[in-house]
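Where a number appears in this text, it was derived from the coordinates with a stated rule and is not lab data. Worth saying up front: this structure is predicted, and the values here are computed from it rather than measured. Methodologically, a virtual Cβ is constructed for each residue, glycine included, from the backbone with ideal geometry; neighbour enumeration extends over all protein chains shown.
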Ligand SMILES: Cc1ncc(COP(=O)(O)O)c(C=O)c1O
């Protein structure tokens with residue numbers, strides 16, 4: 001099960017047939033294992049990692065430190081929900097340290113992101129302060145290094 | 001002066017490599033998928049590379065002791081103990097070499113007097129025979145058989161032994177067949193050897209890449225410990241081919257003899273690589289395991305692919321090679337490889353490159369991405385169908 005997940009996490013493009021061969025299982029077994037993991041919410045979706053910098057669309061990403069006052073009986077969950085429901089919010093984490101929520105926002109432009117923070121985030125009642133860090137360059141994301149794919153520079157035959 | 005005549009006849013008489021022509025062909029072609037490469041496609045794990053870089057930054061650019069840094073030899077001893085339950089003293093039973101390649105060379109040179117016989121099971125890595133000949137030994141070839149899963153059996157070994165036999169090369173996990181020898185297989189060989197004056201040179205460079213059970217070293221049989229020279233290295237398991245680092249372990253007298261050659265011919269192994277190797281042995285178990293898992297998945301895809309293409313392919317359980325039979329196509333190994341390259345742009349190596357008994361087989365490596373392997377298998381299937389129908 002763990003191995004199946006590791007394979008999918010690295011490359012969800014592999015077919016069920018390929019995975020079955022790789023793990024020495026039948027296709028039926030793999031299909032039902034995947035279905036079960038999906039039903040249980042272990043597998044939440046299949047996405048593609050894209051380097052948008054290389055396209056004409058160049059979205060802006062910002063990491064926003066948010067300090068909030070936790071609400072009685074609700075802790076941080078309620079504020080967090082009000083924030084993460086926005087589609088512009090790509091990730092939202094409760095963290096330890098000098099602030100409380102780490103919010104990752106994506107927008108079409110710096111202005112759009114700034115406006116979102118000013119109009120939607122900062123005014124929330126329990127938000128005490130925000131600090132916005134625009135991402136200037138992505139070196140690595142989700143374990144993948146953003147560089148030109150490395151050519152296979154091995155000799156063609158080695159005995 | 002006729003310069004050609006100045007070359008030692010022993011060397012002159014070694015035939016040129018049969019795969020030379022593929023280099024020339026490939027150089028003029030585009031979009032070739034090469035399954036002909038006997039080295040990992042992975043890059044050395046970063047922590048290991050970083051340790052090498054750090055040693056340079058610190059200015060560690062000098063010779064080490066001839067046998068290699070004692071710190072590295074201690075790590076090697078700990079690793080062999082941990083992995084294969086082997087006990088070697090770092091002080092006098094381990095020598096760090098320039099790859100397993102040097103280990104094979106100096107082990108043979110330390111043992112051989114001209115005319116001694118060296119038993120070499122084939123198909124196998126080309127260096128054994130070459131190094132044996134360089135040492136003026138007489139190579140005695142055992143032809144391994146597919147019906148034995150290319151394992152060495154007592155029935156094959158016994159008739160090859162003569163009064164002159166000095167060395168048996170034991171090449172498992174095997175390049176090019178991917179065959180392994182498990183504990184029971186080895187025990188039968190031990191029975192044959194235990195009261196004979198024969199030294200085993202056991203090339204276990206692919207030991208870590210074993211996909212069923214755990215690799216067992218012949219040196220772990222108490223009666224074989226002193227009669228075995230264990231050859232190993234960092235190239236395959238740690239994806240460190242270019243660093244050129246390996247090691248040999250054995251009886252102090254043998255290691256001492258090997259050290260004499262190493263000291264005069266090499267001085268010491270590259271020290272940047274030695275620093276990196278210390279890190280590799282200490283902190284790379286997870287990386288190695290991840291690579292082994294990845295190889296194993298690809299191995300199954302490749303074997304499955306060859307079988308679906310209609311070729312017989314025995315189950316290789318070690319290294320990163322498959323060795324399917326291409327007899328069904330009616331082509332020789334060489335014709336198969338050349339036509340596959342020209343018609344489908346996939347490069348594999350003829351089994352005959354590893355010994356005459358490799359005829360009728362090809363070696364294809366899965367040290368390549370799943371995407372490449374899958375595409376290559378589609379092309380191979382198309383190719384095999386074409387030739388099967390033509391027959
Ligand atoms: C069976 C075998 N032994 C030894 C070697 C050489 O390894 P190294 O890079 O440590 O010299 C190879 C390399 O292909 C090999 O296949």
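Nearest 0.05, what FRET efficiency do residue A:115 and residue B:191 give at R0 = 60 Å with Cβ-Cβ as r? All intermediate terms of the calculation are to be shown ahead of the outcome.
Working: r = 82 Å, r/R0 = 1.36.
So, using R0 = 60 Å, E works out to roughly 0.15.
If a/c stays under 1.5 just call it rounded; otherwise compare a/b with b/c (prolate if a/b is bigger, oblate if not). Do that for segment A:14-159, with a ≥ b ≥ c from the square roots of the Cα gyration tensor eigenvalues.
Values: a/c = 2.84, a/b = 1.55, b/c = 1.83.
Oblate is the answer for segment A:14-159, as a/c is 1.5 or above yet b/c matches or exceeds a/b.
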For chain A, longest principal axis from Cα atoms; helix A:27-39 axis from its Cα atoms; angle between them, nearest 10 degrees, is 10 degrees
In nm, the gap between the two label points placed 7 Å beyond Cα toward Cβ at residue B:42 and residue A:69 is 5.3 nm
Within the set B:293, B:379, B:82, GNM on chain B using Cα springs under 10 Å gives the largest fluctuation to B:82
Taking alpha-carbon centroids only, segment B:194-216 lies from segment B:64-126 a number of Å equal to 12 Å
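With contacts defined as alpha carbon pairs under 8 Å and 6 or more residues apart, what's the relative contact order of segment B:60-211 in percent? Intermediate results must be reported in sequence, preceding the final value.
On the way: 204 pairs, mean separation 30.0, N = 152.
Normalised by residue count, the contact order of segment B:60-211 is 20 percent.
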Note: probe point = Cα of residue B:56 + 7 Å toward Cβ; backbone nitrogen < 20 Å; residues of segment B:274-316 passing the test are B:274-281
Quick calc, residue B:328 & residue B:285: beta-carbon distance into FRET formula, R0 45 Å, rounding 0.05, result 0.60
Taking B:251-259, B:88-96 and ranking on average Cβ neighbours within 10 Å, highest first, one gets B:88-96, B:251-259
Candidates A:51, A:77, A:100; GNM for chain A (alpha-carbon contacts under 10 Å) flags as most fluctuating A:77
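At a threshold of 8 angstrom on Cα-Cα distance, excluding pairs fewer than six apart, so keeping six or more, what relative contact order does segment A:49-142 reach in percent?
Relative contact order here is 38 percent.
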Partner shielding of A:146-158, taken as the mean number of other chain Cβ atoms within 10 Å, equals 5
Of A:62, A:33, A:80, the most mobile residue in a GNM of chain A (C-alpha springs, cutoff 10 Å) is A:33
Each residue of A:3-12 has, on average, a number of other protein chain C-beta atoms within 10 Å of its C-beta equal to 2
If each part is reduced to its alpha-carbon centroid, segment B:277-319 and segment B:143-160 end up apart, in Å, by 24 Å
Taking a label point 7 Å from the Cα of residue B:82 along Cα-to-Cβ, the residues of segment B:272-292 whose backbone nitrogen sits under 12 Å from it are B:278-289
Relative to chain B, whose Cα atoms define the longest principal axis, helix B:183-193 and its Cα axis are tilted in degrees, nearest 10, by 60 degrees
Within 10 Å of the Cβ of an average residue in B:32-39, the count of other chain Cβ atoms is 4
Taking the protein assembly as shown and counting helices only, DSSP H stretches of n ≥ 4 at -39,500 (n - 2.57) each over all residues, the nearest-500 ellipticity at 222 nm comes to -11000 deg cm²/dmol
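Using 0.36 nm per residue, how much length does the chain from residue B:293 to residue B:12 gain when fully extended, once their Cα-Cα distance is taken away? Can you show the working numbers first?
Numbers: separation 281, 0.36 × 281 = 101.16 nm, distance 4.34 nm.
Additional length available on full extension: 96.8 nm.
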For chain B, longest principal axis from Cα atoms; helix B:70-84 axis from its Cα atoms; angle between them, nearest 10 degrees, is 50 degrees
